Amino acid sequence: MDRTLSTAGLFIVLVFIIALNLRPVMAAMGPLFPLLQHNAHFSATQLSLLTTLPVMMMGLAALAGPRLQQKMGEVRGITGGLILLALASAVRGVDQSAATLIISALVAGTGIGVIQALMPALIKRQFGARAGTLMALFSTGIMAGAAMAAASAAPLAVHQGLALTLAVPTIPAAIALLLWLTHSRRAAAVHITHRHRVPLTGRAWLLMIFFGVGTGAYTLVLAWLPPFYMQHGWQAGQSGYVLGALTLTEVAAGFILSSLIHRFHDRRRPLLVVLAMILAGLVSLMLLGGAQAWLPTLLLGLGIGALFPLSLIVTLDHATAPEEAGALLSFVQGGGYMLAALMPLVAGIVRDRAASLDSAWAIMSVGIVVLMFMALRFRPQA
């Protein structure tokens, strides 16, 4: 019994450690925008590709999740994803040219997508009815990794240079890989004898669009909040701290959600609350500009930090078996990330053609209103 509890506890810790590695390669890009402009001559549209391309690759990898689960299995697939993440960051430390940064973004996005596609099925298999709580913790770990990268990127680049800053994510990825390999040797291999296909019902498409638009808010803020405040006269380090504070608020929201979500069998009420927070945060960005950041940071952090895990939990609610969970989440995340990838790109085009990012915040606000109406359709499953 004690050994079983110890193994479960180790698995929970590993899930969190792996999650910490899934956003630093993207979260550091916004605060590093001035250096990337100077060193690699990036335009705003090109900078957006460092977020858009990994998110697109995450989507493609997620769509291939069921086939990966069948051919490679969850353990080997997650191992491969961690290897890709470590390699992508290591290459960035050697060469900071535009071509290398873009190619490494594609490689890192593939690794992230493979892990995110396979981890939910493994969590569902290990924890069954309690999978929602651990999925919230997994999502919280993702936010925590983004917070650390966003807050540390600009100061680290000033003191240690761009090359070292871009290579730093190699270290936690390598540590996670070693811990995962150690744990996986003791874990029993699970062989999937058939590929579980998701019926493309209206509900599956609804879940995919909901996840995509909601994650679009996250990718938009992740890529463009620091440049938005730099545009209003803030220093790169200060804008990075704003994104770091926002992401820490997301982490806090994730922890709160982890402890409270089991009380809400009907997920619609918490969904509407967090969507209202995101909408208020986007409106405050347009109204306040660079005057102050605490209100948008609080509203967007709490809203986005809760919406991301809630979207995954609502999707998981519609799966009855581990294989179905993996297949459904692969479809939802795959298509959803493809949609979400468009928002940073749209904002980059807007930033190159106009002096303000307000149009991007306004477009996202309309999307959030649409999500509110969609959320009303997510009645509890029997």
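Taking only the alpha-carbon atoms of the stretch 240-382, what semi-axes of the equivalent ellipsoid follow from 5 times the gyration tensor eigenvalues under a square root, in whole Å, largest first?
They are 28, 18, 14 Å, listed from largest to smallest.
Tell me the relative contact order for the chain as a rounded percent, counting alpha carbon contacts under 8 Å between residues six or more apart.
29 percent
May I ask you to list the trypsin sites (Lys or Arg not before Pro) in the stretch 60-137 that are in a DSSP loop and have at most 13 other Cβ atoms within 10 Å of their Cβ?
Those that pass, being in a loop and sparsely packed, number zero.
Cα gyration tensor of the stretch 52-115, axes a ≥ b ≥ c as square roots of the eigenvalues: rounded (a/c below 1.5), prolate (a/b > b/c) or oblate?
Values: a/c = 3.98, a/b = 1.79, b/c = 2.23.
Cα axes put the stretch 52-115 in the oblate bin.
If I require 15 Å or longer along the helix axis, counting alpha carbons, and a Kyte-Doolittle average no lower than 1.6, what helices from the chain are left? Use full DSSP H segments.
2-20, 268-288, 294-317, 358-375
Does the stretch 50-161 classify as rounded, prolate or oblate by the C-alpha gyration tensor (a ≥ b ≥ c root eigenvalues; a/c under 1.5 gives rounded; else a/b over b/c gives prolate, otherwise oblate)?
oblate
Which is farthest toward the positive dipole end of the chain among Val242, Val366, His41, measuring Cα position about the Cα centre, with Cβ charges +1 (Lys, Arg) and -1 (Asp, Glu)?
In the chain, that residue is Val366.
As a test of the formula, what do you get for the chain when each DSSP H run with n ≥ 4 contributes -39,500 (n - 2.57) and the sum is divided by the residue count, at 222 nm and rounded to the nearest 500 deg cm²/dmol?
-27500 deg cm²/dmol
Kirkwood hydrodynamic radius, computed over distinct alpha-carbon pairs, for the stretch 1-62: how many Å, to one decimal?
14.3 Å
Let me know the charge dipole size of the stretch 60-153 about its Cα centre in debye, to the nearest 20, where only the beta-carbon of Lys, Arg (+1) and Asp, Glu (-1) is charged.
Numbers: 7 positive and 2 negative charges, 75 e Å.
In debye, rounded to 20, the stretch 60-153 gives about 360.
Take the alpha carbon atoms of the chain, find their radius of gyration, then divide it by 2.2 N^0.38 Å using N residues; give the quotient.
Normalised by 2.2 N^0.38 Å, the Cα Rg of the chain equals 0.92.
Rule-based calculations on the coordinates, nothing more; no lab input. The shown structure was predicted, so the numbers you read here are calculated from the model rather than taken from an experiment. Don't worry about glycine lacking a Cβ; one is built from the backbone with ideal geometry, like all the others, and counts go over all protein chains shown.
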